[in-house]
Each structure stands twice: as structure tokens, then as C-alpha cells.
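The values are calculated or read from the model by the stated rules, or taken from the named source; none is laboratory data. Note that this is a predicted model, so its numbers are computed, not measured. Here the Cβ positions follow ideal geometry from the backbone for every residue, glycine too, while neighbour counts run over all protein chains shown.
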Amino acid sequence: MNHFGAPPILIDGLTVAYGDHRVLDELSLHVPAGSITALLGGNGAGKSTTLATLLGFVRAQAGTVLVSDVDPGADPDGARRKIAYLPENVALYEHLTAVENADYLLALSDERKERGVITDALAAAGLQQRAWDQRLGGFSKGMRQKVAVAVALLREVPVLLLDEPTSGLDPRATADFNALVSAVRDRGTAVLMVTHDLLSAADVADRIGFLEAGRIVEEVEAVGAERFDVRALHARFAVGTERHAA
Amino acid sequence: MRKTQLIARDELRLMVRNRVAVIAFALLVLLTLVAVLSSWSHQRANAELRARHQHEAEHAFDAQPDRHPHRVVHYGHFIFRPLGPLAAFDPGVDAFTGSSMFLEGHRQNTANFGDVRQSSMLIRFGQLTPAFVLQVVAPLLLIFLGYGVLSRETERGTMRLLMLQGVSRGQMVNGKLMALGAVAALAGLPAMIGFIAIAGQPGALALPMATIALGYAAYLALWVVVIVLVSAAVRRSRDALLALVALWAIGVVLLPRVAPDVASAAVPLQNRLQTDVAIARDLRRMGDSHNPDDPHFAAFKASVLKRYGVDWVEDLPVNYKGLLALEGERLTSELFDQYARQSYAAQNSQNALVQSVGVLSPTIALRSLSMAAAGTDFAGHQRFLEQAEAYRYVLVQRLNRMQAEAVNYSDDTATDPGADRRKRVSASNWDKMPDFTYQAPSGGALAAGALPGLVVIMGWLAAAILLLARTSRRLGEGR
Amino acid sequence: MTLWTHELRLLIRARLTVVALALLAILAVASVAAGMAEVARQRAAIAAIPAAQAEDISAVADYVSRTKDAGSAAYYSFHPTWDSPSPLAFAALGMRDVSPYILRVRALGLEAQIYDGDTFNPELALPGRFDFAFVLVFLAPLFVIALFHDLVSGEREAGRLRSLTALPRGGAGLMRRRTLLRWALLWAALALPFAIGAAWSGVGASIILLILPLIAAYLLFWIGFAALIGRLRWSSVANAATLAACWLVLVLIGPTLANVAINRAVPISQGAEIALAQREQVNHAWDIPREETMRRFYANHPRWADSAPLGPEFHYKWYFAFHQNGDERVADEVRAYREGLKRREAAARSLSWVLPSVGVQTLLTRLADTDLTAQLAYQDRIRGFHERLREFYYGYLFSDRSFTREDFARAPTFKGSRVYRHHSAFLEAR
């Protein structure tokens, strides 16, 4: 993993518009390897479009997007090979077991893992052993997410994209999840999470960007052990969302 | 009651707003109209063609010159099966059985020139008739319009919402039944209008028509109930649709095809070659009129001579050759009847087998009801064949009697140049021969034939209603 | 595990898919078995001809040998003809249930005999046979619809589509793999029972190799149709309803409408008219001088013209001559009737380009020799045989040779076996 070259997530002057409406307006964002960036923003700020552009679902009108030096607009499959993506609502195959789901999704990512490796990852993601070989039919949202996280962990890719990962999780599950994401970061992965869960972002992110109307209006970096001044963040976030609403 | 109507109205409004549903419904109406018109004109054209042919055949028969009666026996007569007005609604097996038949002495011919052998392979895909539209197409339309009536409410959670508003399960189900029933009534309407137009024709009988109307109404009602039933029992709209289409495919398409195969394998039918050979064999056993030493005909001759108190056939006051022809025809016809009865019995038990499968597929039951009431089922064809055979026998025996009474025995056996002239009887005799008139069955008889099918459909309807009542008690329960 | 085995596992875990595939396989096996049973019944009926025929002819011989009259022999002898089912007939029984495959003819006027049918139950024939062609043409599309209507929309509705597509091997390639796999399984469910039945029945390898891709192509048509509807991004339910409606139109309504249109565009009423006219022609001979009949006959058949003149008494050569005259006088009507039938079939065949259901059915019945063309070909062979029968009996009649018991064995016999050259037969028909 190249800590010194271009950052795994590199967005410069990205503009995406649907008709006249600019969803992303010359957005610039760099996420270096081994770091977590959280994008905070209200509804319609452009969070999902940012992820969709990185995944190659949306084409940029202007600007540069590179995922580990691959342009997802030109080579979506190449970019996706570098990305692990966790959607907001994890939907898996109900009639496959946890292990089978992981096995299948890894296969679709061109990766082969032994069962032992998969179960280790499921365990690391916090899924209890008795659930490994159960079909997903009766799983809770948290359990499903753990399977998806295990897949993301197993994919040794430079980029992890998280879409509202903690929505719907209880505080305990959120803390567990954040610990996992930190562990991924420590392996050298560039993590980008979009969220409106300010507390979770403050807990885990190295940098927080405030996204408003398609551009980052402010960036805050974690400093020292205190990391972020949550109060200040909260005030800032409230202003941003109100401004957007107005 | 008010709430029931509200729910029905709401459902209908939803259907009217669904563009696809409206288009599908319009297409069904159009298809029915095309079917009614084409089927009607086809029936009219066929009926007229057959009447014209019948007329030509009768004219040709009556216009024969002076002929030896036995010549006329072989000249024979052509008869055509008339096509009843209800055949415009359900032509049944008409296309599959020949419509023209050649009647002659000591031979039983087949009915020939059926549509099926004069059409391309397309005819085997089914025939576009009002009956086909109502039996096959209309249920599928009802499925498309109705699979979601309850499953949609369950899926979206609006079911509980409505129940919280104080709507009872019964009102809910009745409202949906009412809405879908209205659609079914509308879908059946064009066919019924065509039906009434047909009723204006002479020869249309009230009782079978009422039976048909009742049968189709019950059939569509059955589908309405089944659709609401499946929609109530299933949690997801997609499952309801797939289950209903599967039911339709099995009941309407698959079983009606499988049942005949089972029947024809279970009850073998003797083919014509074997029947002809068997009849010839039996005939040889009964008596061979060509063989002077044959015991049967020797006894016959003796009894004739005795009856007239003479010693030689030449002394008989009647033509012995005519008597011989009468006796020969009597013998062969007996055999024809016997073998025909066997064949009819086999075919009827095949059809009974198919109808017993109708217990599984109401479509089979409806089809047999519809054909029976329209007089276009196998029984109708059999009726024609039996009347044709009876007419053939009467005609041939009258001619044979004419030979016995009007042709001199010595002339009949003479071979001198003038003999041919002397053997002939006057042409004025031919138009005195009776014409074939098909005795149409009474309305009661037709309706009675349709009764078993009606019972099956009504039984299905009752069972479906009971099942719906049970299922709807659990409506809105579960997660 | 490869991507393919993963997909296979996913597929067989879905109950609907497994049930559907199993059901299709069962239906295919049942239809092949039913078709083979029917063909076996027809073969048995044909195999039973010689015994029955021997009995019948020996009775005629008993009678005729008293007079040794060739005319009586010709008049009373029925000669069997038959149309053996082709090896492929089991797969598409076509018209074989309604048109005769055994017909006995005498040397008398053929036009009064050739349109005769065999005994069959019309109510059983009405809905059509349950054969492999039915399963393929009518039912297989419904299974395609069941397996393909939610190929993409199902993933979308389950909320998986986005994250699947985000995987490097989860985009269009995934859908291609799933399509191919379902296609292959559907194909196998149909093709295996067919191929086994066909090999068992002795169908030539080239025919089997022609039909196996035909099955695949017909399935592909419906899969493509489902994919097209899928592109509209409707819900799974809407997809299923739309596809089922299309099925109804393409498989049921289209052909029935076309049948009405074709039968209207090509009216055929000559059938009964031929029969009426031929009878008139034949019987008219009794009312005109017999020499007139003979003159006409000899004009058309000079090779018998040297025969002795008629005496005052009845002679069968006159009888057979006016029968043949009767046939010849309606020859134009017969030709027109036949042309009409062929035009109807050609019209239906050209419809194949619009309605694949009709195309597959037409192709299968053509390859199986069970269509109207095959029926007409059988009539042609009957005509050829009848010609030989006449020649044979005329040889005795017109030279007043006596007809002995041994002569019965010299009568021509129908050549039942055909050489099956399906490719060329089909291409010629096209």
C-alpha cells in the first residue's frame, strides 16, 4: 500500500448535475491511506452521489475522480475491484447461510477465501458462532450488517465506502462497528463514510467534512486525544442543515 | 353494507386508473367482439353452405332419370349435418367431425370434409369463438386485474389500517368480490350481447341458452372467488400472481390436454379397418347371400317360398332379388348398429373419463357443459350419425322394396339388350322418397346433457366460497 | 467454487426455481412418454393390418374363385394403405390424430374414397394432443416467465441491486451468468427427455441436432422478451403480468386470429362439391350409351383400347371405366382443392416469422411429417398406389383373363416405408 503516492480516494473539482441541478459542485476530497474521513451532511447535500460517483454509477460532468489511480467513470469494474462498499440497508440472500453469503459475495469480488478465514472474519465482525451456518431469514439488521462487514474486512482492498453504516444500530452495536472500522483503517485502508450520525463520526473519523449543496464547506481534523469538540461540531452541523433547509 | 360498497368503489377506481388494466380490458372486449362476429359469420356461412349443398343433393336425387332401384341404392344420398344457431357461440367438435356424409346401400361411410383436415396447423392452437374467449382468456384477465386485491393491501400494510378504521374482514372481502365481480360481469357482457343476438335466430332454445349463461356466470364467479381467495391467502402480490397463473395454466391449458391422452390410452378405440373386417367376418357367419349353399339364405328362401305357397322364386308375386336385398340390408345394418354402438360406447366412456378429470379442472366441466347445451358435443354428433344411419336404412329399404314390388324378377335377371330398359322404374318415384331432416334435440335434452358440468362448476363455486370464508377469517393476522 | 457453481447453489436454494424446473422436466418426460405411447399404438394398428387383411382377402378369394371374375375381385377387394409415423412423430403428433393413417381403397373411383376418415373421438381431439411440441410451444414460455420475470427487478426489490453492482463481478456479467444458467437448466429440462425419447425412437442424429438448438432458440426468444420487459424497470409483479399477457397473445390469441384470417382469405368449399360432382359423373354412365363411356376412357387410356367390344351383358370393365372417368372429370376441382389446402398451409407457415410459437410448431410438425403437407403426401402415395391397383386389375379385365386364387397374391401392395430426408423435405416446403 502506497502511503506516499496519490491518496486512494482522490476527488478534485467534481461536478455532477442532473439537468440544471448541480448535485455536486466542484467537490474536492482526498482520503489518504490509513485514514477515515466522514462526510456529514443533511438530506440532498450530495453524500450518496459522491459514493455513487466513486462506484462508477454516476458519471462526472467535470473534475477528476480516482480510486487507487483508477477512474471509475472510465473503468467502473477496475475501480470496484479496489472498493469494498457497505450500503445503508444491507440486503443479502435470505436462503443462503452467513458463511455462504460471504463466500458468494467474495466470489463476486474475485476473491477466494477458505471457510476458516471467513468464519474468523465473521467472528471478528462479532457474529456468534451458532449463526454462521444459519440461513439469513431470521437475522436482525445488526447481524446482517456484521456479515456484510466481514465481507468488507475480507476484501483486502485499499478503499472502504460506508453509507450511513450506523443508522438503525443500537449504541452498543455502533461502538462495536466503529472499533471494526478503526481496525480496517489501521491496516492502511482509506475509509470514506457518509453519515448524519455526528456522534459516530466524531468517535471514529480522522477528518470530518461538512457537505452542503454539493461542496465541502468546512473540514475539521481530529486533534490529540480529545479528537473533536463535539459541541462545536454539533453547532456547526445544525447551522449547515438549517441553511440548507432555508 | 355501505363500507363494502366503498371498498368495491375504491378498488374499481384503482383499476380504472391503471392504464395497463384498462387497455387489457379493452382488448378483451375487442377480442370478444371479433370472436362473436367471426364465429357468427363462420356459423352462418357454414350453415348456409351446408343447406345449399343439402338442397343440391336433394335436387340431384329427385332429378334422377328412370333407374333400377338398386342403382339408386348405390347412387345413394348426400346429407349434411345442419349447424344449430348456438354453434356460433360454441362450435364444439363441429370442425373436427366431417359435416357431409354419403349414404348408400350396405356400406357405412364416414362423415367427411371437417374443417380440421382442411385447415393449417393453426387450428390446433384453438378456435377463436366467444366460448374460447370466456373459457380461456377472460379468467387470465381477471387474474391480472385481481391478484393484488387483498395481497396488495397486506403487502403495503393498508389492510391493518383499514381494519383499524373499523372495516371488518367480511366487508373487506365482500367489497373486493363485488369489484372483481363487476369486472367479470363487464368482461362477459360482450359475449352475452352476442349470445342474445344469436337468440334472435330461429331454432335457438331458451333452456340450453339459460344453462349456458348460468354456467359461464358461475365459471367467472368461480374465478373471481378463487382470485380473491389466493390474494387473501398469500402475503405477497407476486406470489399471488404466480400462483394464480400457475392454477390457470394447469386448469385451463394443461389438464384439458392431458385428460384426453389418458382417456385414449385407457379406452382403446377400434379403427375403421378392424371394424370393417370384423363386420365382414360376422356377415359371413350370419349368411352369405352370394353363396347358393348358405344355410341362412337357404332357410330364408324356403320361408319366402312357403309364405307365398310357391315352389320356385320365379313363381313369386314379388321380385325375389328385391327380397334378398331387403334381407341382406337388414343383416348388414344390424351389424352396423352393433359396431356403431360399441364405438359410441367406447367414445362415450372416453368422454366420461375426461369429464371425471373435470372434477379437477372446472374448465373441462364448463367446456362439456357449453358444448352439450349448444348441441355441438360428441353426443350431438352421435345424434346426427344415428339419425343418418336410420335414414339410410329407411331409404335403402324403401328402394329395395321398390325393387321387390316394381321390378319384375324375370326382367331383373334378363341380359337381353332391352332388359336394361325394362328393369328401370319411373323417375317420378325419386321425389317421393323422404328427405333427410335432422331432428334437433329438445331444449330439455340439451340442458340435461349440460347438467353434470353445471353441477361440477357449482360444486367448485360452493367449495371456493367456503374456503374463502375460512381464509378471510385469518386476514390481517401474522407479522 | 467457481462463480458458476455459486450461482447454481443460489438457484437451487430458491424453491420456486427448483419446483419450476422439476415440473418442466416432469412435463417434458410425460409428454415424450405420451407421444411415444401414441406412436406405439399407431404402429401396432399398422402392424395389425396384414392379419386382418389376409382374413378379409381370403374370404373374397373364396367367393371370386367360383367365377374367376377379375371384375368381382377388383370390386370386392379392399387394399390397405398406411402412413407409418416417422421416428420423430412422438414429439409432434400434429394432424395424425384427426387424419387417417390407415385407409383401405378399392380400384373404384378414388375421389369417393380418399377423403374418408378413420374413427376418432372428436372431443378428445378438440383440445389438441399432449405432446412434446405442446410442452415446448405452450408451456415452456410460462416457465421462462416464472424464472426470468424478476431477474433484475427481484434484486432491486430486495435492495441488493446497488451493492451487487458495486462488486467487480456483480454487474452485467452477473446477470449474464444467471441468464445463461437458467437458460441452460430450462433447456436441459426439455432437451434431455426429448433427446432420450428421440434416440430411443431412432430419430436421426441430424434431426436431433437440429431440434436441440431449436429448443434453445425458442427459449432464448422468450428470455429476450423477458429481458426487454425487464428494461422498463417495472416491478416484478408488473413484469410477470405483462409477460403472461404477451404469452397469451403470442401463443393463443395470435394463432387463433390468424386461423380465422387465413380460412377467410383462402376459402375452401370444394371438398363436398368434389364428392357431389364425382358421384354425378359416375352414375350418369348408367343413363348414357355404354360405348360413349368406353370411347372417353380409351381416349385417355389408349393402351386398353384394343380390348374386345362390350356385349349386351354387364361387364366390369365398363363399370371401372366410368369410375375412372368420374375421377378424371373432377380432376380440376381436386387440383383446386389441393391448392387451397396448400395455400392455407403456406400462409400459416409464413406467419412463423411473426409468431415464433407458430414457427416452432410448424417446424416440428414438418420435421415429424405430421402436418398438412404430410397428409397430402400420404394422399399422393395413395393415388400412386391406386393407379397401380387399376393397372393391375385392368390387365385382367380388358383382356378377359380369369382371376384365380393365386392372382390375389399378385396384387400390388402398398409401400409403407418412406425414406426420411427431413432437411430436404423441410427446405423444399419452405
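Per-structure values
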quantity: All positions within region B:154-166 that are crowded, with 18+ Cβ neighbours inside 10 Å and more than 14 Å from every other protein chain (Cβ to nearest Cβ); calculated: B:159, B:162
quantity: Positions within region A:92-121 being within 9 Å of another protein chain (Cβ to nearest Cβ), assigned to a loop (DSSP other than H, G, I, E, B) and either basic (Lys, Arg) or without any contact (Cβ under 8 Å) to a residue 24 or more places away in the chain (or both), in sequence order; calculated: A:108, A:112
quantity: Selected residue (only one of A:181, A:204 is modelled with pLDDT of 85 or more, in contact with a Lys or Arg (Cβ under 9 Å, 6 or more places away or on another chain) and among the aliphatic types (A, V, I, L, M)); calculated: A:204
quantity: Of all residues making up region C:255-268, the number that are touching a helix residue (DSSP H, G or I) at 6+ places or on another chain (Cβ under 6 Å) and over 20 Å from residue C:360 (Cβ atoms); calculated: 3
quantity: Within region B:221-242, considering residues that are closer than 29 Å to residue B:373 by Cα and touching a Gly at 6+ places or on another chain (Cβ under 6 Å), the one farthest from the other protein chains (Cβ to nearest Cβ); calculated: B:224
quantity: Among (1) surrounded by fewer than 18 Cβ atoms within 10 Å (Cβ to Cβ); (2) out of contact with any helix residue (DSSP H, G or I) (no Cβ under 7 Å at 6 or more places or on another chain) - the single one residue B:317 does not satisfy; calculated: (2)
quantity: Among the candidates C:88, C:93, C:24, C:11, residue that is touching a His at 6+ places or on another chain (Cβ under 8 Å), among the hydrophobic types (A, V, I, L, M, F, W, C) and either touching a residue at least 12 places away in the same chain (Cβ under 8 Å) or away from chain A (no Cβ under 14 Å) (or both); calculated: C:88
quantity: Within region C:66-85, tally of residues that are away from every other protein chain (no Cβ under 12 Å) and in a helix (DSSP H, G or I); calculated: 4
quantity: Residue list for region B:439-466, restricted to those being under 28 Å from residue B:358 (Cβ atoms) and outside any helix (DSSP H, G or I); calculated: B:440, B:441, B:442
quantity: Residue C:34 more than 9 Å from every other protein chain (Cβ to nearest Cβ) and of a type in the set (A, V, I, L, M); calculated: no
quantity: Conditions (1) crowded, with 19+ Cβ neighbours inside 10 Å; (2) within 7 Å of another protein chain (Cβ to nearest Cβ); number of the one not met by residue C:287; calculated: (1)
quantity: Qualifying residue in region C:327-343 (condition: farther than 26 Å from residue C:82 by Cβ, modelled with pLDDT under 95 and of a type in the set (Ser, Thr, Tyr)); calculated: no
quantity: Residue list for region C:269-284, restricted to those being touching a helix residue (DSSP H, G or I) at 6+ places or on another chain (Cβ under 9 Å), part of a helix (DSSP H, G or I) and either within 8 Å of chain B (Cβ to nearest Cβ) or closer than 15 Å to residue C:108 by Cα (or both); calculated: C:271, C:272, C:273, C:276, C:278, C:279, C:280, C:281, C:282, C:283
quantity: Condition check for residue B:245: in a helix (DSSP H, G or I) and at the interface with another protein chain (Cβ under 8 Å from one of its Cβ atoms); calculated: yes
quantity: Which numbered condition residue C:310 fails, given (1) of a type in the set (A, V, I, L, M); (2) within 30 Å of residue C:260 (Cα to Cα); (3) within 12 Å of another protein chain (Cβ to nearest Cβ); (4) in contact (Cβ under 8 Å) with a residue 12 or more places away in the chain; calculated: (2)
quantity: Selection from region B:275-312 of residues that are in contact with a Leu (Cβ under 7 Å, 6 or more places away or on another chain) and modelled with pLDDT under 90; calculated: B:283, B:286, B:287, B:289
quantity: Residue check for residue C:177: of a type in the set (Lys, Arg), touching a residue at least 24 places away in the same chain (Cβ under 8 Å) and over 21 Å from residue C:87 (Cα atoms); calculated: yes
quantity: Failed condition for residue C:136, given (1) modelled with pLDDT of 90 or more; (2) more than 46 Å from the chain's Cα centre (by Cα); calculated: (2)
